[in-house]
Structures are given as structure tokens and as C-alpha cells.
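First up is the structure itself, then whatever we jot down about it.
The values are calculated or read from the model by the stated rules, or taken from the named source; none is laboratory data. Because the structure is predicted, anything quoted here is derived from the model rather than measured. For neighbour counting, all protein chains shown are included, and Cβ atoms are generated from backbone atoms with ideal geometry for every residue, glycine included. Protein only, heavy atoms only, side chains kept; ligands, DNA and RNA dropped before computing areas. Shrake-Rupley method; radii C 1.70, N 1.55, O 1.52, S 1.80 Å.
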Amino acid sequence: MDIKILHIDSNHSLLWDQLQNAGFINHSDFTSSKEEIEVKIQDYQGIVIRSRFKIDKAFLDKATNLQFIARVGAGLESIDCEYAISKNITLIAAPEGNRNAVAEHTLGMILSLFNKLNEADSEIRSGHWNRESNRGHELDGKTVGIIGYGNMGKSFAKKLRGFDAEVLCYDIQENVGDSNAKQVSLAEFQKKVDVVSLHIPWTPETDKMVDADFINGFAKPFWIINTSRGKNIVTADLVAAMKSGKILGAGLDVLEYEKLSFETLFQDKNTPEAFQYLLKAKNVILTPHIAGWTFESHERLAQVIVDKIKAKYFG
């Protein structure tokens with residue numbers, strides 16, 4: 001078996017080492033352009049990527065011998081999946097690899113928002129000792145709603161078992177609820193929840209899903225956490241809801257603007273007005289797409305990919 005694999009992003013060393021020990025032939029190219037990779041991709045049966053560029057029809061048409069695409073991450077939105085499948089290319093992802101990291105990050109964001117940890121810390125560092133204005137909320141007694149009940153959603157629900165909170169989930173798939181979260185209709189979800197946590201992929205169905213109409217469909221003001229994909233929320237509508245009090249606070253690990261150049265994002269003339277509001281708001285926590293980016297998940301993601309590649313060829 002001469003299976004040549006091209007790695008176009010760096011990953012944990014175990015991925016390379018274990019594939020090599022299993023008899024695969026590894027090559028790497030972390031610097032060439034997409035067009036330059038296309039010139040030689042016909043020489044490979046496998047490709048391992050993270051997010052350096054999109055694998056589209058043009059790329060796949062040149063990958064005449066490709067047998068699998070392995071993405072070291074949870075989603076496959078950077079790949080033309082339908083076209084790849086039509087060419088009998090196996091698609092491999094690793095949502096199991098960082099689901100625990102995402103769940104812990106999500107819980108941390110909620111507790112930080114509820115207890116105003118960032119705000120209080122900043123005030124003390126500035127010489128202010130404000131107790132009453134930093135009075136917090138407790139998660140016990142609240143209803144937490146999870147949108148998207150797959151690997152990430154289920155892992156987050158598991159983390160909530162230590163709290164006296166009701167946990168509901170909404171998903172387009174039927175019968176995905178379990179002992180950790182009760183699956184309900186969107187109408188019941190919007191009627192009951194105090195906290196909304198997004199754990200959905202970015203697809204045509206979820207693009208800009210959380211807009212003004214969606215937000216206004218909730219019966220109560222609520223907190224929102226997004227560790228999924230930035231374009232699932234319309235930021236301008238989120239900000240409008242925060243200004244009106246409909247949204248009480250937001251924890252955003254991903255942003256609608258992520259594909260823009262962050263070298264210019266913080267220059268006033270280029271910074272979207274809604275993002276300027278988020279940067280100044282005390283009831284907002286922002287992190288740079290790191291919910292699944294832990295030392296442990298770095299290793300676990302690689303191991304999941306290795307195991308799935310080996311399973312394809314060795315059973």
C-alpha cells in the first residue's frame with residue numbers, strides 16, 4: 001500500500017508520526033498557494049488540512065487520485081462536500097476531538113458573564129472597589145437552551161449536570177435529546193430559556209439565523225453564547241437587542257467579521273459600528289475563536305484524525 005498524504009497545515013506531531021508508523025507516506029507543504037498545491041495534488045491519495053484555503057470544485061478536479069480529505073477540526077464548511085462525495089472521496093473531521101474544550105469554554109463564558117468577572121477584575125485594577133454594581137446571577141434555577149445537539153451541544157449539556165438548571169435543546173434532527181437535555185420545539189425553546197448557547201455548523205440554513213426576528217421571538221430577555229460560527233449571528237441585530245435590553249449579555253468566541261483582515265479591523269475607519277459597540281460593552285466577553293483550542297484538544301484532534309484514517313484502510 002503506497003498511500004501518499006499531503007499535510008498543508010501544521011498539527012500535533014503525533015498525527016505525522018503515527019501515520020508514518022502505520023505505513024503511510026507523509027509529505028508537507030505549509031507555504032505554497034492553493035494554485036501551486038493544485039499542480040501536484042494528483043500525486044496524493046490523502047490530504048490533511050485545517051483552514052488554510054477552501055477545497056472547491058477546481059481543486060477537486062485536479063485531485064484525480066484523492067481518496068480522502070481529513071480536516072483537523074470539527075466542521076467541513078471549507079470543503080465542497082457534495083462534489084467531493086460525488087468523486088467517492090471520504091470526508092473526515094474530528095468533532096469528538098475538541099468537544100470537551102468547547103463545552104468548558106462555553107460554561108466559563110456563562111459564569112463569567114453572570115458574575116461580571118471581567119468587569120470586576122478591570123475595575124479593581126483601575127482602583128475601584130464596587131460591590132453592589134457587580135452583584136451577579138446564579139445559574140441554578142435558570143433554563144439553558146442549546147441550539148444544535150451534536151457533539152458540542154451534548155458535551156456542554158453534560159457539563160451542566162452539576163447545576164440545578166433546566167436544560168433544553170433544539171435541533172433540526174429528531175430524537176436527539178437525552179438525559180442531559182430535553183428536546184423541544186423552537187416555540188417552546190423561545191418561550192422558556194434564559195440562556196442560549198449555539199453549537200451549530202455554518203450552513204445555508206444557519207447563516208444569519210440569529211437575526212432580529214429570531215431574537216424577538218423569545219419571550220424573555222436572555223444571555224447568548226456563540227462558540228459555533230460567527231456568521232450564524234447578525235451582529236448588528238445582536239447589538240440592537242443588547243441596546244434594547246432584549247439580550248442581557250453575550251459571550252462570543254467567533255465573530256461575523258472573522259474572514260476580514262484583523263490587521264485593519266481595529267482601525268476606526270474600518271471597524272464595523274456594531275463591533276465597536278461590542279468592544280466597549282461591559283456585558284460582552286470576546287475571545288479569538290479559541291473555544292476548542294486547548295493543549296489537550298490539540299492532541300486529541302490529531303489522534304481522532306489518525307484513528308479515522310487508519311480505520312478507513314485497516315478497518
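Which helices, taking whole DSSP H runs in the chain, have alpha carbons extending 18 angstrom or more along the helix axis plus mean Kyte-Doolittle at least -0.5?
95-114, 295-314
Suppose R0 equals 41 Å. What FRET efficiency, 1/(1 + (r/R0)^6) with r the Cβ-Cβ distance, do F30 and K282 give to the nearest 0.05?
Computed FRET efficiency for F30 and K282: 0.55.
In whole percent, how big is the carbon plus sulfur part of the accessible area of segment 156-267, probe 1.4 Å, protein atoms only?
For segment 156-267, the apolar C and S fraction of the accessible surface comes to 51 percent.
Ranked by accessible surface with a 1.4 Å probe, highest first, in what order do C81, C169 come?
If we order C81, C169 from most to least accessible, we get C81, C169.
Taking H placed 1.01 Å from N in the peptide plane, check which residues at least 5 places from T90 or on another chain put their amide H under 5 Å from its amide H.
F68, I69
Considering only F30, F189, F218, give the residue with the highest GNM mean-square fluctuation for the chain, with springs between Cα atoms whenever their separation is below 10 Å.
Answer for the Gaussian network model of the chain: F30.
FRET efficiency for D17 and K57, Cβ-Cβ distance as r, R0 = 51 Å, nearest 0.05?
0.95
At a probe size of 1.4 Å, how large is the accessible area of W223, to the nearest 10 Å²?
For W223, solvent-accessible area is about 30 Å².
At 1.4 Å probe size, with every protein chain present, just tell me what the per residue accessible area of the chain comes to in Å².
For the chain, the per-residue accessible area is 50 Å².
Please list H128, H7, H105 in order of solvent-accessible area, largest first, computed with a 1.4 Å probe with all protein chains present.
Putting H128, H7, H105 in descending order of accessible area: H128, H105, H7.
With a 1.4 Å probe and all protein chains left in place, how much of the accessible area of segment 16-150 comes from carbon and sulfur atoms, in whole percent?
47
Would you work out if segment 62-188 is rounded, prolate or oblate? Take a ≥ b ≥ c from the square roots of the eigenvalues of the alpha-carbon gyration tensor; rounded if a/c is under 1.5, else prolate when a/b is larger than b/c, oblate otherwise.
Oblate, because a/c is 1.5 or more while a/b does not exceed b/c.
Once each part is reduced to its C-alpha centroid, what is the distance from segment 149-212 to segment 45-92 in angstrom?
Each part reduced to its Cα centre gives a spacing of 29 Å.
Computed FRET efficiency, Cβ-Cβ of R135 and T271, R0 35 Å: what is it to the nearest 0.05?
My answer for the efficiency is 0.65.
I'd like to compare 94-103, 17-26, 233-242: which one has the highest average count of other Cβ atoms within 10 Å, and what's the full order after that?
The densest-packed peptide leads the list: 94-103, 233-242, 17-26.
Fully extended, how many nm does the chain gain between A240 and A212 (0.36 nm per residue separation, minus their Cα-Cα distance)?
Between A240 and A212, full extension yields 9.3 nm more.
Please calculate the 1.4 Å probe accessible area of I85, with all protein chains present, and give it to the nearest 10 Å².
100
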